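Before any comments, here is the structure.
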Amino acid sequence: MKTAVISGGAGGLGRALSTALQADGWQTVLVDLDISGLEASETQIPMQCDLTDPEQLGDTMAQIAERFPRIDLAIYNAGITQIGAFDATDDVSHRKVFEINYFAAVAMARHLLAPVRAAKGTHLAISSVAGFSPLYHRTAYAASKHALEGFFKSLRSEEKEHGVHTLIAAPSFVATNIGNDQRQQDGTARPGSATDGMDYMTPEDAAAKILAGLRKSRPMIPVGRIARAAWWVNSLSPRLFQRLMERQIDGRH
């Protein structure tokens with residue numbers, strides 16, 4: 001039985017990925033801050049962890065690596081968003097976004113290098129359209145996802161010699177927390193809670209497309225119609241993409 005470790009496993013996309021993998025015969029380890037809504041079973045192992053706490057993260061990953069010396073798939077899915085103008089945010093909140101979206105994923109990858117190498121497995125980072133393009137009122141979020149992509153694209157070259165694949169999935173708008181954003185005063189909120197997006201996908205649809213890309217070992221997996229269009233338009237004409245994005249998201253351009 002193959003093993004997958006999923007950070008942010010209690011969220012909508014994390015659960016959808018876990019459910020789909022289990023249906024395909026995998027066992028999943030779901031790591032999240034609040035696992036009260038997750039049921040433990042032979043194929044699903046919830047583990048509570050504050051990913052921004054280095055000691056907790058280290059202890060949790062050590063337990064996972066000891067129990068599963070071969071990990072076939074590590075999915076870096078945990079994250080938050082921040083919605084608001086740059087001049088209305090501060091450095092503390094900017095760093096908070098990076099701690100969860102970027103540094104926690106990097107630390108988790110470091111701890112799981114050996115078991116993923118042992119399985120000749122896959123690192124799968126869940127990025128965003130904002131990871132390869134600009135996004136209005138998301139300076140910290142876009143920056144953290146750009147950093148995430150830069151790290152895993154670079155790691156890809158290092159881990160290739162160990163038989164390890166390193167993939168990036170970039171969904172557009174996945175409706176995981178509409179109406180449940182748990183918005184903080186600093187603008188940070190649960191992922192998938194933005195109300196200014198378009199062409200929302202369900203977590204199940206997004207998970208299916210991500211795992212289809214995983215099966216084909218696609219280095220970059222744009223997830224959904226909007227993500228695919230954004231990838232091509234931004235690649236061909238970043239200026240055009242920026243204008244279209246501003247017109248759609250801001251509405252005043």
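Return one number: the angle in degrees, 0 to 90 and rounded to the nearest 10, between the long axis of the Cα atoms of helix 238-249 and the longest principal axis of the Cα atoms of the chain.
Orientation of helix 238-249: about 80 degrees from the principal axis.
With all protein chains present, calculate the accessible area of Tyr200 using a 1.4 Å probe and round the result to the nearest 10 Å².
80
Which peptide among 149-155, 84-90, 221-227 comes first, and what is the full order, when sorted by highest mean count of other Cβ atoms within 10 Å? Write out the running numbers ahead of the final one.
Working: 149-155: 16.7, 84-90: 12.0, 221-227: 21.3.
In decreasing order of mean packing, 149-155, 84-90, 221-227 become 221-227, 149-155, 84-90.
Which residues in the range 123-137 place their backbone N less than 19 Å from a point set 7 Å from the Cα of Lys160 along the Cα-to-Cβ direction?
123-125
How far apart, in nm, are the 7 Å Cα→Cβ label points at Ser235 and Phe86?
2.7
Using +1 on the beta carbon of Lys and Arg, -1 on that of Asp and Glu, and nothing else charged, what's the dipole of the range 19-126 about the Cα centre, debye to 20? Can you show the working numbers first?
Numbers: 7 positive and 15 negative charges, 114 e Å.
Roughly 540 debye for the range 19-126.
Of the listed values [x] 58, 32, 30; [y] 52, 47, 42; [z] 53, 37, 31, grab the one calculated as Cα extents along the principal axes in Å from the structure here.
Evaluating Cα extents along the principal axes in Å on these atoms matches [z].
Along Cα→Cβ, 7 Å out, is where each label goes; now give me the distance between the ones at Glu204 and Glu66 in nm to one decimal.
Calculated label separation equals 3.9 nm.
Local charge sum around Pro46 (other residues, Cβ-Cβ under 14 Å, Lys/Arg +1, Asp/Glu -1)? Kindly include the intermediate steps, with their values, before the conclusion.
Working: positive: Arg15, Arg67; negative: Asp32, Asp34, Glu39, Glu42.
Charge balance near Pro46 sits at -2.
With the other protein chains left in place, how much accessible area per residue, in square angstrom, belongs to the range 1-61 at a 1.4 angstrom probe? Kindly include the intermediate steps, with their values, before the conclusion.
Working: 2690 Å² over 61 residues.
Here the per-residue accessible area is 44 Å².
Roughly what angle does helix 54-67 make with the longest principal axis of the chain, taking Cα atoms, 0 to 90 degrees, to the nearest 10?
Result, in degrees: 40.
For the chain, which whole percent of the accessible surface, found with a 1.4 angstrom probe, sits on carbon and sulfur atoms?
Numbers: 6230 of 12260 Å².
Using a 1.4 Å probe with all protein chains present, the chain comes out at 51 percent carbon and sulfur.
At 0.36 nm per residue, and after removing the present C-alpha to C-alpha distance, how many nm does the segment from Glu55 to Met220 gain when stretched out fully?
56.2 nm
The values are calculated or read from the model by the stated rules, or taken from the named source; none is laboratory data. Owing to the predicted nature of the structure, the values given are computational and were not obtained by experimental measurement. Ideal geometry is used to build each Cβ from the backbone, glycine not excepted, and the neighbour counts take in all protein chains shown. Heads up: the accessible areas ignore ligands, DNA and RNA and are worked out on the full protein's heavy atoms, side chains in. Shrake-Rupley method; radii C 1.70, N 1.55, O 1.52, S 1.80 Å.
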